[in-house]
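The values are calculated or read from the model by the stated rules, or taken from the named source; none is laboratory data. Since we're looking at a predicted model, the values are computed, not measured. Please note: Cβ atoms are built from the backbone with ideal geometry, for glycine as well, and neighbour counts cover all protein chains shown. Surface accessibility is based on the protein's heavy atoms, side chains included, excluding ligands, DNA and RNA. Shrake-Rupley method; radii C 1.70, N 1.55, O 1.52, S 1.80 Å.
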Number of protein chains: 2
Amino acid sequence: PSFIEQSIAIIMEDVVKKATDVTEKVCEWRSPEQLKELLDLELTDGGESESKILQHCRDAIRYSIKTTHPRFFNQLYAGMEPYSMVASFITEALKPSLYTYEVAPVFTLIEDAVLRKMMEMIGWEEGGDGIFNAGGSMSNMYAVNLARYHHYPHIKELGLSAAPRLVIFTSRECHYSISKAAALLGVGTKNVYVVGKMISSALEEQIKTAKSEGAVPFMVNATAGTTVLGAFDPIEEIADICEKYNLWLHVDACWGGAALMSQKHKHLLKGIHRANSVAWNPHKMLMACLQCSAFLVRDKTHLLQRCHSAQASYLFQQDKFYDVSYDTGDKSVQCSRKPDAFKFWLMWKALGTRELEQRVDRALAMARYLAQEVEKREGFRLLMDPEYANVCFWYIPPSLRNLSDGPEFWKKLHTVAPVIKERMMKKGSMMVGYQPHGDKANFFRMIIISPQVSKQDMDFVLDEIHNLGKDL
Amino acid sequence: PSFIEQSIAIIMEDVVKKATDVTEKVCEWRSPEQLKELLDLELTDGGESESKILQHCRDAIRYSIKTTHPRFFNQLYAGMEPYSMVASFITEALKPSLYTYEVAPVFTLIEDAVLRKMMEMIGWEEGGDGIFNAGGSMSNMYAVNLARYHHYPHIKELGLSAAPRLVIFTSRECHYSISKAAALLGVGTKNVYVVGKMISSALEEQIKTAKSEGAVPFMVNATAGTTVLGAFDPIEEIADICEKYNLWLHVDACWGGAALMSQKHKHLLKGIHRANSVAWNPHKMLMACLQCSAFLVRDKTHLLQRCHSAQASYLFQQDKFYDVSYDTGDKSVQCSRKPDAFKFWLMWKALGTRELEQRVDRALAMARYLAQEVEKREGFRLLMDPEYANVCFWYIPPSLRNLSDGPEFWKKLHTVAPVIKERMMKKGSMMVGYQPHGDKANFFRMIIISPQVSKQDMDFVLDEIHNLGKDL
């Protein structure tokens, strides 16, 4: 067999077959120092034999985290999706880049078809525009740029030095990329005004404050599915305020957008059709392979293209022999761009909307089951009822159970999750994230996504946390 | 065989084996309207059978451009690189995301090793910092943001509205992403001052002009390997001016950086070690799979992290059980980020620096061969002697050969390349780009990269252009 064939055999054996096997380890933990010794990282003048390269492949796989393993609950993505994975392999082998129809005809049309269908789910009956890009942070950045361009198109040419101070409004729970976007785009992180709880009265008050300072509000970011708690801002209420004050409404539905697939849960995003733009990552709850991240705009006046275009003559020749409106590259701030939509399209084709809906419903039901179990069990305390697939809770080891609920208790409890995390990583039995949040001490955040996950897995997680932490 | 196995068999047969076969077509051209009919794009409630999904895979491959085909000369990337492709497959199957060591231990260390080696090739003896990201346009954007943060760190918080008018200097031939970055970052495209030919006297004059206007110069972009002509700005000269005026020097070596691998050609980038930052895409001349794009910074004071950090508590907990300096995510403006360095590392391991050097030397020798052939042949005219792997030339059909070299001649010649391009695409025999440039009428731009390309292929290109265009 050729080198490629041998490598693929390794991938099939060590990644595809093993990773979804619950009896395998989620990770084979090594510290950075240990791992540097195990991997031979150095790049030298001479090449290495194929057998050595195959060994590097095996090692890279062995010491990598198995994010597709049924007991990986650490991030907002998880699970093994064979159709999407195959689509990834196809595009990696074909090496298309999505700037012109000429170089990526199939994937240009597929991106368009997927975007249209996603806009239909959002409820934009007249369509709109959009683009897949390198992650939700990029989408949120696009939103800020489009909102700004929509209100002040001359900033593209003239810059912000002569512009008024522009202000973005968002809830405290929003993703950190809103702040990163404000920094990168020259808006400034201090000009992101945080609304404690995103309700219309609090938002309106902040808008009035900004105006009284002589600043210019231009955009509100609402989050549909916050990163830590999985909470949803009330979009309908926020849309009313945005209309009243003529502000761009962006909905960061990177995580929560998947609920649009579900008749049962789409009420969480009620009013999203009134948004000017939406970020939605099918690589999260819907399990498309990383990265698969869409930015969608309701505008039908080529705002996306006008905002980002630079009209490079070597790519976007206007005397081509086909309809150049299919050249999407000038909508993007990237030049070469991967055909990520295909990874979603192929699995959507195979599963149909109904199966995607069932997966979402199943994951959310599983999250509710876990929350109930947390409430039942001694030594576990739920942070809040889950609105979505995030289940946040504390584990209280027996030694702390008789302490009164004061600063001393929380200070001690704060140190528990990091130790349990260390132990689960070193054992390789599962991966669950933890974090502090506002004034809350470190708690676990379980994320439930994959249809490969069962109630037994949920029970296992709680048993395992207790086993790993009961002596603390 | 399972669905995954059947899909992989199709990829091996239809992509890997066929694509590098010179007797296969580079493309099976269909117009957008035709292709929409051929592909069944619609997404519906019900799922489709595996056999239908396999057919979608075959169709997607069939009508895609074979960018790995030996006669694909259309972009700044080309060719089939088996080691890199295998690395892609591994990471697509493993789904790592590069924000924390915890989730991507192997690829975090590999990224670090590759960045260090690239910095060594640049000549930064004391190292520096860097990050792989989603394309060269992103790297150039990082450069603008870092340069700005270095000079005016308070802009991150306060924004640009109270800042002076900042000015970037670049040559006319630079990539359009400099302009896109200026727009996105709120600098403004009009504050990108274009230096006609990037020599020190012209640059210094522009700097003085900006200052006399009350604007504040902060950055110079030098291009090492321009997109259309493959030209190199004189870095050493520019570095002198940057030192004199305390300006950040960024070198966009996305395309030309590969010459650093070659003892024979690295003089093209003489002085690059004096740059503050460098963009270099191994997915171009060095043939790593798309995307593989590095941004490198000479700074050793964590500027990259300080500039971009937002300290998300759910990812970058400071009470982790390992050395959190290995968590690279807060250096990035992305959140999830792909382990692109691995695609370069594995092939570099297999080939060694010497083989990479030979590939670069061979491609540049082949470009020179083609240029000589262009000069020899009747009806072909070279635009300029190639400095790198771009060979730019006109084809003059017999009907135009007796016209005198005036506006009428150029007007007619301008229409020739688009027709030849249409004919080569419809025939599927090869793909070569064309464009107008400044006041120059449409000309062909041949890009030579792949070691799979021979002198016969070069001769074929010229023969084929003549055959396709001799009646025009």
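Looking at the range B:285-328, which of the residues that are of a type in the set (Ser, Thr, Tyr) and surrounded by 20 or more Cβ atoms within 10 Å (Cβ to Cβ) is farthest from the other protein chains (Cβ to nearest Cβ)?
To start, the set of residues in the range B:285-328 that are of a type in the set (Ser, Thr, Tyr) comprises B:293, B:301, B:309, B:313-314, B:322, B:325-326, B:328.
The next check asks that each one be surrounded by 20 or more Cβ atoms within 10 Å (Cβ to Cβ); those that pass are B:293, B:328.
Details: B:SER293: 8, B:THR328: 12 Å.
Restricting to residues being of a type in the set (Ser, Thr, Tyr) and surrounded by 20 or more Cβ atoms within 10 Å (Cβ to Cβ), the top hit is B:THR328.
Count, please, the residues in the range A:140-162 that happen to be buried (at least 20 other Cβ atoms within 10 Å of the Cβ) and in a loop (DSSP other than H, G, I, E, B).
Count: 3.
In this structure, is B:ARG148 of a type in the set (D, E, K, R) and more than 10 Å from chain A (Cβ to nearest Cβ)? Before you say what the answer is, go through the steps one by one.
On the way: of a type in the set (D, E, K, R): yes; more than 10 Å from chain A (Cβ to nearest Cβ): no.
Here the answer is no, as B:ARG148 does not meet what is asked.
From the list A:THR170, A:THR227, exactly one residue is in contact with a His (Cβ under 8 Å, 6 or more places away or on another chain) and of a type in the set (S, T, N, Q). Which is it? Lay out the reasoning, then the answer.
Numbers: A:THR170 fails: in contact with a His (Cβ under 8 Å, 6 or more places away or on another chain).
Only one candidate passes the filter, namely A:THR227.
Could you tell me whether the range A:239-248 includes any residue that is among the small types (Gly, Ala, Ser), farther than 29 Å from A:ALA87 by Cα and out of contact with any helix residue (DSSP H, G or I) (no Cβ under 7 Å at 6 or more places or on another chain)? Quick ask: steps written out before the conclusion?
Residues of the range A:239-248 among the small types (Gly, Ala, Ser): A:239.
Then keep just the ones that are farther than 29 Å from A:ALA87 by Cα; that gives A:239.
Restricting the remaining residues to those that are out of contact with any helix residue (DSSP H, G or I) (no Cβ under 7 Å at 6 or more places or on another chain) gives none.
No: zero hits.
Which condition number in (1) more than 7 Å from every other protein chain (Cβ to nearest Cβ); (2) in contact with a strand residue (DSSP E or B) (Cβ under 9 Å, 6 or more places away or on another chain); (3) aliphatic (A, V, I, L, M) is the one that A:MET80 fails?
Failing condition for A:MET80: (2).
For the condition facing another protein chain (nearest Cβ under 7 Å), farther than 22 Å from B:CYS57 by Cα and under 22 Å from the mean Cα position of the chain (by Cα), what is the one hit in A:ALA134, A:ALA60, A:ALA113? Outline the logic, then answer.
Values: A:ALA60 fails: under 22 Å from the mean Cα position of the chain (by Cα); A:ALA113 fails: farther than 22 Å from B:CYS57 by Cα.
None of the others qualify; the one that does is A:ALA134.
Restricting attention to the range B:1-45, report how many residues are outside any helix (DSSP H, G or I) and farther than 21 Å from A:ILE110 by Cα. Steps first, answer last, please.
At the first step, the residues of the range B:1-45 found to be outside any helix (DSSP H, G or I) are B:1-2, B:20-31, B:39-45.
After this cut, where a residue has to be farther than 21 Å from A:ILE110 by Cα as well, the list is B:1-2, B:20-25.
The number of residues fulfilling the criteria is 8.
For the condition open to solvent by 50 Å² or more (accessible area, probe 1.4 Å), at the interface with another protein chain (Cβ under 7 Å from one of its Cβ atoms) and over 26 Å from A:LEU356 (Cβ atoms), what is the one hit in A:LYS25, A:LYS36? Walk me through it before giving the result.
Working: A:LYS25 fails: at the interface with another protein chain (Cβ under 7 Å from one of its Cβ atoms).
Only one candidate passes the filter, namely A:LYS36.
Could you check the range B:329-384 and list, in sequence order, the residues that are open to solvent by 10 Å² or more (accessible area, probe 1.4 Å), out of contact with any Phe, Trp or Tyr (no Cβ under 7 Å at 6 or more places or on another chain), in contact (Cβ under 8 Å) with a residue 60 or more places away in the chain and more than 21 Å from B:ALA288 (Cα to Cα)?
Across the range B:329-384, the qualifying residues are B:LYS331, B:TYR369, B:GLU373, B:ARG377, B:MET384.
Need a quick list: strands (runs of 3 or more DSSP E) entirely within the range B:374-457 having at least 2 residues that are not hydrophobic (A, V, I, L, M, F, W, C). Before you say what the answer is, go through the steps one by one.
Working: elements: B:380-382, B:390-395, B:431-437, B:440-447.
Once the strands (runs of 3 or more DSSP E) in the range B:374-457 are filtered for at least 2 residues that are not hydrophobic (A, V, I, L, M, F, W, C), what remains is B:390-395, B:431-437, B:440-447.
Just for helices (runs of 4 or more DSSP H) wholly inside the range A:195-312: which have at least 1 residues that are closer than 29 Å to A:GLU111 by Cβ and at pLDDT 95 or above?
Values: elements: A:200-212, A:235-245, A:303-308.
Fully inside the range A:195-312 and qualifying: A:235-245, A:303-308.
Among the numbered criteria (1) of a type outside the set (Val, Ile, Thr); (2) assigned by TED's automatic domain parsing to the domain that holds B:ALA279; (3) more than 27 Å from A:LEU98 (Cα to Cα), which one does B:ALA93 miss?
Single failed check for B:ALA93: (3).
Going residue by residue through the range A:373-382, is there one that turns out to be at negative phi and within 14 Å of chain B (Cβ to nearest Cβ)?
no
As an exercise: evaluate B:ASP14 against (1) surrounded by fewer than 19 Cβ atoms within 10 Å (Cβ to Cβ); (2) more than 8 Å from every other protein chain (Cβ to nearest Cβ) and give the number of the one condition it does not meet.
Against the list (1) surrounded by fewer than 19 Cβ atoms within 10 Å (Cβ to Cβ); (2) more than 8 Å from every other protein chain (Cβ to nearest Cβ), B:ASP14 comes up short only on (1).
Looking at A:LEU351, A:LEU346, can you tell me which residue is touching a His at 6+ places or on another chain (Cβ under 8 Å), over 20 Å from A:LEU146 (Cα atoms) and in a helix (DSSP H, G or I)?
One residue alone meets the criteria, A:LEU346.
Which condition from (1) open to solvent by less than 10 Å² (accessible area, probe 1.4 Å); (2) facing chain B (nearest Cβ under 7 Å); (3) of a type outside the set (Phe, Trp, Tyr) is the one that A:GLY47 breaks?
All conditions pass for A:GLY47, except number (1).
Yes or no, residue by residue, for (1) at positive phi; (2) assigned by TED's automatic domain parsing to the domain that holds A:GLN317; (3) touching a residue at least 40 places away in the same chain (Cβ under 8 Å):
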position: A:LEU41; (1), (2), (3): no, no, no
position: A:GLU48; (1), (2), (3): no, no, no
position: A:ALA104; (1), (2), (3): no, yes, yes
position: A:PHE107; (1), (2), (3): no, yes, yes
position: A:GLY128; (1), (2), (3): yes, yes, yes
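Yes or no, residue by residue, for (1) assigned to a loop (DSSP other than H, G, I, E, B); (2) more than 7 Å from chain A (Cβ to nearest Cβ):
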residue	(1), (2)
B:LYS52	no, yes
B:ILE65	yes, no
B:THR68	yes, no
B:GLN75	yes, no
B:PHE89	no, no
B:VAL103	yes, no
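Residues checked against (1) surrounded by 21 or more Cβ atoms within 10 Å (Cβ to Cβ); (2) under 25 Å from A:TYR142 (Cα atoms); (3) facing chain A (nearest Cβ under 8 Å):
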site: B:LEU185; (1), (2), (3): yes, yes, yes
site: B:LYS190; (1), (2), (3): no, yes, yes
site: B:VAL194; (1), (2), (3): no, no, no
site: B:GLU205; (1), (2), (3): no, no, no
site: B:GLU213; (1), (2), (3): no, no, no
site: B:PRO217; (1), (2), (3): yes, no, no
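B:HIS273 - would you say it is surrounded by fewer than 21 Cβ atoms within 10 Å (Cβ to Cβ), in contact (Cβ under 8 Å) with a residue 60 or more places away in the chain and more than 30 Å from A:ARG30 (Cα to Cα)?
Details: surrounded by fewer than 21 Cβ atoms within 10 Å (Cβ to Cβ): yes; in contact (Cβ under 8 Å) with a residue 60 or more places away in the chain: yes; more than 30 Å from A:ARG30 (Cα to Cα): yes.
Yes.
Check the range B:449-467 and report whether any residue there is open to solvent by less than 10 Å² (accessible area, probe 1.4 Å) and either of a type in the set (Lys, Arg) or within 11 Å of chain A (Cβ to nearest Cβ) (or both).
No, the conditions are met nowhere in the range B:449-467.
Being touching a residue at least 60 places away in the same chain (Cβ under 8 Å) and closer than 19 Å to B:TYR142 by Cβ narrows it down to one of B:LEU296, B:LEU249, B:LEU260, so name that one. Give the derivation first.
Numbers: B:LEU249 fails: touching a residue at least 60 places away in the same chain (Cβ under 8 Å); B:LEU260 fails: closer than 19 Å to B:TYR142 by Cβ.
After applying the criteria, what remains is B:LEU296.
Inspect the range B:112-124 for any residue being open to solvent by 10 Å² or more (accessible area, probe 1.4 Å), touching a helix residue (DSSP H, G or I) at 6+ places or on another chain (Cβ under 6 Å) and not aromatic (Phe, Trp, Tyr) and give the result as yes or no.
Looking through the range B:112-124, at least one residue is open to solvent by 10 Å² or more (accessible area, probe 1.4 Å), touching a helix residue (DSSP H, G or I) at 6+ places or on another chain (Cβ under 6 Å) and not aromatic (Phe, Trp, Tyr).
Tell me which residues, restricted to the range A:91-101, are in contact with a Pro (Cβ under 9 Å, 6 or more places away or on another chain) and either of a type in the set (S, T, N, Q) or facing another protein chain (nearest Cβ under 8 Å) (or both).
Initial filter on the range A:91-101 (in contact with a Pro (Cβ under 9 Å, 6 or more places away or on another chain)): A:91, A:94, A:96-98, A:101.
Within the range A:91-101, A:THR91, A:LEU94, A:PRO96, A:SER97, A:TYR101 qualify.
Within the range B:81-93, does at least one residue satisfy the condition of being closer than 30 Å to B:CYS335 by Cα, at pLDDT 95 or above and open to solvent by 20 Å² or more (accessible area, probe 1.4 Å)? Quick ask: steps written out before the conclusion?
Applying the first criterion (closer than 30 Å to B:CYS335 by Cα) to the range B:81-93 yields B:81-93.
Narrowing the set further to residues that are at pLDDT 95 or above leaves B:81-93.
With the extra rule that they be open to solvent by 20 Å² or more (accessible area, probe 1.4 Å), the set shrinks to B:82-83.
Checking the range B:81-93: at least one residue is closer than 30 Å to B:CYS335 by Cα, at pLDDT 95 or above and open to solvent by 20 Å² or more (accessible area, probe 1.4 Å).
For the range A:219-238, which residues satisfy the criterion of being buried (at least 23 other Cβ atoms within 10 Å of the Cβ) and of a type in the set (Gly, Ala, Ser)?
Those that are buried (at least 23 other Cβ atoms within 10 Å of the Cβ) and of a type in the set (Gly, Ala, Ser): A:ALA222, A:ALA224, A:GLY225, A:GLY230.
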